[in-house]
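Trainee: The structure follows.
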Number of protein chains: 2
Amino acid sequence: MTDRSTTTATAVARPGGTALLADPAARPVQPPTRGRRGLGVGEVRLDGGFWGDLQETNARATIDHCEQWMERLGWIASFDAVAHGTTGGHRPGWQFSDSEVYKLLEAMAWELARSDEAALAARYDRLVERVAAAQDDDGYLNTCFGHAGQPGRWTDLERGHELYCVGHLLQAAVARVRTAGEDLLVQVARRAADLVCREFGPDGRAGICGHPEIEVGLAELGRALGEPRYTEQARVFVERRGHGTLAPIPLLSPAYFQDDVPVREADVWRGHAVRALYLAAGAVDVAVDTGDDELLGAVVRQWERTVERRTYLTGGMGSRHQDEGFGDDWELPADRAYCETCAGIASAMVSWRLYLATGDVRYADLMERTYLNVVATSPRADGRAFFYANPLQQRVAGQDVAADAENPRAEGGVRAPWFDVSCCPTNVARTLASWQAYVASVDGDELSLLQHAACDVDVALDAGGRLAVRVTTEYPADGVVRVEVLDAPGREVALRLRVPSWAHGATLTGPDGVARLVAPGWAEVRGALGAGDVVVLDLPVAPRLTWPDPRIDAVRGCVAVERGPVVLCLESVDLPAGVTVDDVRVDPGVAPRPHEDGAVVRATVVAHRTDRSSLPYPSAPPTPAPRDEVDLVLVPYHRWAERGPSTMRVFLPTL
Amino acid sequence: MTDRSTTTATAVARPGGTALLADPAARPVQPPTRGRRGLGVGEVRLDGGFWGDLQETNARATIDHCEQWMERLGWIASFDAVAHGTTGGHRPGWQFSDSEVYKLLEAMAWELARSDEAALAARYDRLVERVAAAQDDDGYLNTCFGHAGQPGRWTDLERGHELYCVGHLLQAAVARVRTAGEDLLVQVARRAADLVCREFGPDGRAGICGHPEIEVGLAELGRALGEPRYTEQARVFVERRGHGTLAPIPLLSPAYFQDDVPVREADVWRGHAVRALYLAAGAVDVAVDTGDDELLGAVVRQWERTVERRTYLTGGMGSRHQDEGFGDDWELPADRAYCETCAGIASAMVSWRLYLATGDVRYADLMERTYLNVVATSPRADGRAFFYANPLQQRVAGQDVAADAENPRAEGGVRAPWFDVSCCPTNVARTLASWQAYVASVDGDELSLLQHAACDVDVALDAGGRLAVRVTTEYPADGVVRVEVLDAPGREVALRLRVPSWAHGATLTGPDGVARLVAPGWAEVRGALGAGDVVVLDLPVAPRLTWPDPRIDAVRGCVAVERGPVVLCLESVDLPAGVTVDDVRVDPGVAPRPHEDGAVVRATVVAHRTDRSSLPYPSAPPTPAPRDEVDLVLVPYHRWAERGPSTMRVFLPTL
């Protein structure tokens, strides 16, 4: 924010007169299919509660925080350098720092659609101007390549992230054009997309980007602007991948950037997790837009095997630090779990697209798990520090990070204000700013509530009339979800509430006041609902034990405790003096008891041998000696390390 | 081997007339301390058996293999490019490829001391000439830096490996000067060491190398040439480290190259394992030469904590692929164990130095474990392919590597002929070529047999006379170690045999024919031994179960099976059809039975659930259904993947 005051602001004219939000149904993903659709950011308003509070903090702190950091580090000034022709000196940040600015713009665009805050609007406009000023006449836009003293355009597709950056630019433009109409950012994006199509079209350079993202960007901008060329280009990129198109990167396999097997032939996600998931999201977009059921089926197949064998209890994906990637089947170490925040966001992007394409509730289940236990774990309560990796075990307490220090490492055990590679904060910002778009879907006269959050929903039905409901809930802390009808068209409509897969014994009380058991899947009320009708879903969120599949070697002999959709953990700060998280043996025969929004479990504290002169592999079973029986408080994993650095475990040994 | 025929060979004159081996007591590590010393490469001759065969294969195949690969890849030709002033074009290999040539020269030097093969001698001489021709007038020698079209000297101490390469040059020269006297290689090394002292001395550049190695090289060359300046320079390098002397490498912590904490203050090894261990070896050398007991104590302390908490059952060190490094305490995943072959070699280097400094048998125990289960695991039976990483579990069978293909990855699950980073093959070569130097030590009239191998030992005692014994044994396949005295001085002498820490129930039969139980540690016979006297140590090598410390999360609920000093494993090729290594549950109540040089264990085969639509975390204990009872053959881990790609486990679940 150093030279902000000297910048001449030229506010871009708002389209649509006084209505800021051009279309209440505006949303990040709008496939052209008929029938089921997600609700728009103007059709759902979060009303406090778990997600509403996160969104408010994002609006109040995180967006500003990200902008300040990128200004301070000079990542935004890199655009000025291109505009002023002063490139060639020191350029701060990695090659892909432009993308962080675009993700911030996307976050601002969604937030403006929600809050219409004049100060934010002005900041958005000024930032767009600085970005736009860096665009070359032919549409090329990148601050790291193609200008004086820089490597030439497209000279390092493997690592340069040029197309990746464009992809994020396009996603930002999608947010803007749908919520506010065509503005300078959208014009910039259009020119950039046109250049990509010219350069990389079927008759152009047969290249792809080392990091997928351009595919989702092109597909969605094509939808938003009605430009089938963009979708076609996305298709070309998806199909080109998997044939060894990219040059190998030393010490990494082609699977790192999914260039080992074509998307439609692959059986499982592999390599760099965010890359794999962004690519899958783009592939679903292409499959839906082109009616390519084989391609859609391939992504469904990959989702299934990955969820069965390569996914953490938290929904986190990515088992390896080395390449920020998936491991082999069943390779799910708790301590070295990478579970990058961005991979959680990307996983939800894929699942959302698959839900829209298939209507299968399991995708919404995984989204909830991932949102609550990965995405919500990242930001600190004040919205100004973040986890990058989200391991399920912390062996050594981290060290506090200074508020003004860039964290070079993804594994500090504490939330950090910013990172050397800082993809996660802006990804959190854009996700939270548009999060209400994933709460519900509508299909004809059927409204489906997918994520249980306190909110108001108001949707215009295709057949005429509106369906408006108010959802009141303390979920996930409490299992009661109350839905009051505020407005309905008077004819038969359906209201469906998702019953998560773990919720055995849930009940639904309809407007008639009669409660009935509902099985995991959908709880449905169908009829001529009217204003004042109330439906209550009661989900059993009492804490429960969860076991890992025996093929997950890393947590054999352990249990975890979940409370509703929330994974709990044991933190060292909750232990009696002299006891460490490794000294605890949980008795799986004793049911965990509710305790605030966590649980209490019964455990034995054991004493370990100490022998510094020998290997830790004795010739007799080294059963640790029991010392004490204790009750241990477990807290939501998404809140761990909020009370200072700590050691932590999600999976607790039983033996 | 492309332009070999056009090279004019100028054989270096052999010193010492007809005797090739200048000093039978020549050995890699010769501290100036009185008393205990290792035996020289001319004082022990391996006589077939496990280690003799490995050494023969190394001589017959591996040395030639390494030379051919480096000729073919142009790593040797890089020296020619410097000599001919043609640098600046494409230089093949990584910055540190020179070091591989030096390690090959070291291997050749030790092998020549053993076999005096004329053809090898000529190859050695030609290779030394090519290396020498690349040395600058002031002693600088590096093919990657400092010449036309290259970065300047010492411009990238963090990553450039210039001092590291010099360190390996010096170790090669140590081998040569001790076994053959001063030749061209020794002259080259002397000039290079002198330059390092001028450049990095107390009044010079306050730098250190990103990869320790110069320290051991300088210390030993100082000993070999009687140049205390070199030892002093080694001391300076050791002391400079740990103060943030090196610039940080993005995404790596200063612990990566042990620049986080001074050696004398550190409590445990951390960061890149080979770096940590080479540094520790150099620190012991410095401590011994300068009488610095605090520094020696620091390394002992680091050894103890690392062995207790960061060492695999195989003796392998390094739990992380990301930085080829140590993990946190108790972070010992079987599947992602890195256990680099070079780290095993480096660990033995440290333990050998600590054994010489302290006489503590535990260091020899760890050396045996590491030699048999890490170092011996690396080379394929034909000596022409190698493991780089040595994981304790292989989840997915590797793919055969073509005989002429460089393997870009350290984790293929098969031995590969060469690697992109190919430190291990030449390290194996130099280690096996000098391996007999680690078999025994002598202290006054006491001969200690540390590694049980078929060999002839013939040592001149300080007090006069010789002690010669012949060791006959099939160890480790069999536990009987027979020692026959061939020559003795007639006065009281002591013969000690190491009893490994696992060998409970071992017996020693003295020349009187009486067998007595001996505890782990030393089994000793003391008296006026004479020719024909026979001592027999009988070690109980029956297979036995081994348990991991309960703090090693990765293998909780598992057992391993060892047979004497050899770690066994279950390989998929030994399983009945339709059974995978993950389907097996071993019954720890049934003792494993001997089977050839492996074992047979009783196990239950279980069936796992299959559900591709959900997470692998059920709400009830997912006890797999028992299918069958089977007897499973386990084989020595060091031989795994010799019968083609396979999946493999060292630790076997019991539940």
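Trainee: How do the pairs read when you match residues in the stretch A:133-159 that are free of Cβ contacts under 8 Å to residues at least 24 places away in the same chain with residues anywhere that are of a type in the set (Asp, Glu) and open to solvent by 20 Å² or more (accessible area, probe 1.4 Å), using Cβ under 8 Å and keeping only pairs 6 or more apart or on different chains?
Mentor: A:GLY146/A:ASP136
Trainee: If you don't mind, there's one more thing I want to ask. Which count do you get for residues in the stretch A:217-240 that are in contact with a helix residue (DSSP H, G or I) (Cβ under 6 Å, 6 or more places away or on another chain) and among the β-branched types (Val, Ile, Thr)?
Mentor: 2
Trainee: Can I ask one more? With the requirement that a residue be in a helix (DSSP H, G or I) and open to solvent by less than 20 Å² (accessible area, probe 1.4 Å), what does the stretch B:229-254 give you?
Mentor: B:TYR230, B:THR231, B:GLN233, B:ALA234, B:VAL236, B:PHE237, B:VAL238, listed by residue number.
Trainee: Tell me whether the stretch B:467-481 contains one or more residues that are open to solvent by less than 30 Å² (accessible area, probe 1.4 Å), within 30 Å of B:ARG544 (Cβ to Cβ), part of a strand (DSSP E or B) and of a type in the set (Ser, Thr, Tyr).
Mentor: Yes, there is a match, as at least one residue in the stretch B:467-481 is open to solvent by less than 30 Å² (accessible area, probe 1.4 Å), within 30 Å of B:ARG544 (Cβ to Cβ), part of a strand (DSSP E or B) and of a type in the set (Ser, Thr, Tyr).
Trainee: Let me ask something else about it. Name the pairs whose Cβ atoms lie under 9 Å apart, with the first residue in the stretch B:502-515 and crowded, with 18+ Cβ neighbours inside 10 Å and in a loop (DSSP other than H, G, I, E, B), the second at pLDDT 95 or above and basic (Lys, Arg), and 6 or more positions between them or separate chains?
Mentor: B:TRP502/B:ARG544; B:GLY510/B:ARG516
Trainee: In the stretch A:530-587, which residue that is among the basic types (Lys, Arg) and either in contact (Cβ under 8 Å) with a residue 60 or more places away in the chain or touching a Gly at 6+ places or on another chain (Cβ under 6 Å) (or both) is farthest from A:ARG496 (Cα to Cα)?
Mentor: A:ARG585
Trainee: Here is a list: A:ALA405, A:ALA460, A:ALA453. Which entry is surrounded by fewer than 21 Cβ atoms within 10 Å (Cβ to Cβ) and in the same structural domain as A:ALA506 (by TED's automatic domain parsing)? Please lay out each step first, then the result.
Mentor: Working: A:ALA405 fails: in the same structural domain as A:ALA506 (by TED's automatic domain parsing); A:ALA453 fails: surrounded by fewer than 21 Cβ atoms within 10 Å (Cβ to Cβ).
Testing whether each residue is surrounded by fewer than 21 Cβ atoms within 10 Å (Cβ to Cβ) and in the same structural domain as A:ALA506 (by TED's automatic domain parsing) leaves just A:ALA460.
Trainee: Continuing with this model, one more query. Between residues in the stretch A:286-308 that are hydroxyl-bearing (Ser, Thr, Tyr) and residues that are open to solvent by 30 Å² or more (accessible area, probe 1.4 Å), which pairs lie under 8 Å by C-beta distance while being six or more apart or on different chains?
Mentor: Listed by first residue and then by second, the contacts come to A:THR290/A:ARG235.
Trainee: I've got another one for you. Go over the candidates B:ALA376, B:ALA357 one by one and state the one that is open to solvent by 30 Å² or more (accessible area, probe 1.4 Å) and touching a Leu at 6+ places or on another chain (Cβ under 9 Å).
Mentor: Working: B:ALA376 fails: open to solvent by 30 Å² or more (accessible area, probe 1.4 Å).
Being open to solvent by 30 Å² or more (accessible area, probe 1.4 Å) and touching a Leu at 6+ places or on another chain (Cβ under 9 Å) holds for just one of B:ALA376, B:ALA357, which is B:ALA357.
Trainee: Considering each residue of the stretch A:583-624, count those that are within 13 Å of another protein chain (Cβ to nearest Cβ) and among the basic types (Lys, Arg), and give that number.
Mentor: Residues flagged as within 13 Å of another protein chain (Cβ to nearest Cβ) and among the basic types (Lys, Arg) within the stretch A:583-624 amount to 3.
Trainee: For the stretch B:482-501, which residues satisfy the criterion of being more than 29 Å from the chain's Cα centre (by Cα), open to solvent by 10 Å² or more (accessible area, probe 1.4 Å), at pLDDT 95 or above and not acidic (Asp, Glu)?
Mentor: Of everything in the stretch B:482-501, those that are more than 29 Å from the chain's Cα centre (by Cα), open to solvent by 10 Å² or more (accessible area, probe 1.4 Å), at pLDDT 95 or above and not acidic (Asp, Glu) turn out to be B:LEU486, B:ALA488, B:PRO489, B:ARG491.
Trainee: Could you list, in sequence order, all residues of the stretch A:378-409 that are in contact with a Cys (Cβ under 9 Å, 6 or more places away or on another chain) and part of a loop (DSSP other than H, G, I, E, B)?
Mentor: A:SER378, A:PHE387, A:TYR388, A:ALA389, A:ASN390, A:PRO391, A:LEU392
Trainee: Considering each residue of the stretch B:285-340, count those that are over 20 Å from B:PRO212 (Cβ atoms), buried (at least 21 other Cβ atoms within 10 Å of the Cβ) and more than 9 Å from chain A (Cβ to nearest Cβ), and give that number.
Mentor: 2
Trainee: When the stretch A:440-450 is examined, which residues are found to be surrounded by fewer than 24 Cβ atoms within 10 Å (Cβ to Cβ) and under 20 Å from the mean Cα position of the chain (by Cα)?
Mentor: Passing the criteria: A:SER441, A:LEU450.
Trainee: Another question, then. Being modelled with pLDDT of 95 or more, farther than 20 Å from A:CYS424 by Cβ, assigned to a loop (DSSP other than H, G, I, E, B) and in contact with a helix residue (DSSP H, G or I) (Cβ under 8 Å, 6 or more places away or on another chain) is the requirement here; does A:ASP329 meet it?
Mentor: Answer is yes for this residue.
Trainee: Could you tell me how many of the residues in the stretch A:543-582 are within 9 Å of chain B (Cβ to nearest Cβ), open to solvent by 10 Å² or more (accessible area, probe 1.4 Å) and in a helix (DSSP H, G or I)?
Mentor: 2
Trainee: Further question: Check off (1) more than 22 Å from the chain's Cα centre (by Cα); (2) among the basic types (Lys, Arg); (3) assigned to a helix (DSSP H, G or I) for A:ARG205 and give me the number that stays unchecked.
Mentor: A:ARG205 satisfies every listed condition except (3).
Trainee: Here's a follow-up. If you go through the stretch A:388-433, how many residues are within 22 Å of A:VAL650 (Cα to Cα) and in contact (Cβ under 8 Å) with a residue 60 or more places away in the chain?
Mentor: 16
Trainee: Turning to a different aspect of this structure: I need the full set of residues from the stretch A:418-448 which are in a loop (DSSP other than H, G, I, E, B) and at pLDDT below 95, in order please.
Mentor: Across the stretch A:418-448, the qualifying residues are A:ASP420, A:VAL421, A:SER422.
Trainee: Turning to a different aspect of this structure: Within the stretch A:221-242, identify whether any single residue is more than 26 Å from the chain's Cα centre (by Cα) and either at positive phi or at pLDDT below 95 (or both), and answer yes or no.
Mentor: Within the stretch A:221-242, one or more residues are more than 26 Å from the chain's Cα centre (by Cα) and either at positive phi or at pLDDT below 95 (or both).
Trainee: What's the number of the only condition in (1) assigned to a loop (DSSP other than H, G, I, E, B); (2) closer than 19 Å to A:ALA416 by Cα that A:ALA25 fails to meet?
Mentor: (2)
Trainee: Please specify each residue of the stretch A:194-209 satisfying the condition of being buried (at least 18 other Cβ atoms within 10 Å of the Cβ) and touching a Leu at 6+ places or on another chain (Cβ under 6 Å).
Mentor: Listed by number, the list holds a single entry, A:CYS209.
Trainee: Test each condition in (1) more than 12 Å from every other protein chain (Cβ to nearest Cβ); (2) without any contact (Cβ under 8 Å) to a residue 40 or more places away in the chain; (3) farther than 27 Å from A:GLU474 by Cβ; (4) not in a loop (DSSP other than H, G, I, E, B) for A:ASP631 and report the one that comes out false.
Mentor: In the conditions (1) more than 12 Å from every other protein chain (Cβ to nearest Cβ); (2) without any contact (Cβ under 8 Å) to a residue 40 or more places away in the chain; (3) farther than 27 Å from A:GLU474 by Cβ; (4) not in a loop (DSSP other than H, G, I, E, B), A:ASP631 misses (3) alone.
Trainee: How many residues are over 25 Å from A:ALA477 (Cα atoms) and open to solvent by 50 Å² or more (accessible area, probe 1.4 Å) if we restrict to the stretch A:517-539? Even if it seems obvious, please write down each step before you answer.
Mentor: So in the stretch A:517-539, the residues over 25 Å from A:ALA477 (Cα atoms) come out as A:526-532.
Within this subset, residues satisfying the condition of being open to solvent by 50 Å² or more (accessible area, probe 1.4 Å) are A:526, A:528, A:531.
Qualifying residue count for the region: 3.
Trainee: Listed residues A:ALA122, A:ALA173; which is assigned to a helix (DSSP H, G or I), closer than 23 Å to A:ALA219 by Cβ and modelled with pLDDT of 95 or more?
Mentor: Of A:ALA122, A:ALA173, the one residue that is assigned to a helix (DSSP H, G or I), closer than 23 Å to A:ALA219 by Cβ and modelled with pLDDT of 95 or more is A:ALA173.
Trainee: Here is a further query. How many residues does the stretch B:608-642 hold that are more than 28 Å from B:ASN390 (Cα to Cα), open to solvent by 40 Å² or more (accessible area, probe 1.4 Å) and not hydroxyl-bearing (Ser, Thr, Tyr)?
Mentor: Summing the residues that are more than 28 Å from B:ASN390 (Cα to Cα), open to solvent by 40 Å² or more (accessible area, probe 1.4 Å) and not hydroxyl-bearing (Ser, Thr, Tyr) in the stretch B:608-642 gives 10.
The values are calculated or read from the model by the stated rules, or taken from the named source; none is laboratory data. This is a predicted model, so every value here is computed, not measured. Counting neighbours? That spans all protein chains shown, and the Cβs are built from the backbone with ideal geometry, glycine included. Just so you know, the surface numbers come from the protein's heavy atoms only, side chains and all, with ligands and any DNA or RNA stripped out. Shrake-Rupley method; radii C 1.70, N 1.55, O 1.52, S 1.80 Å.
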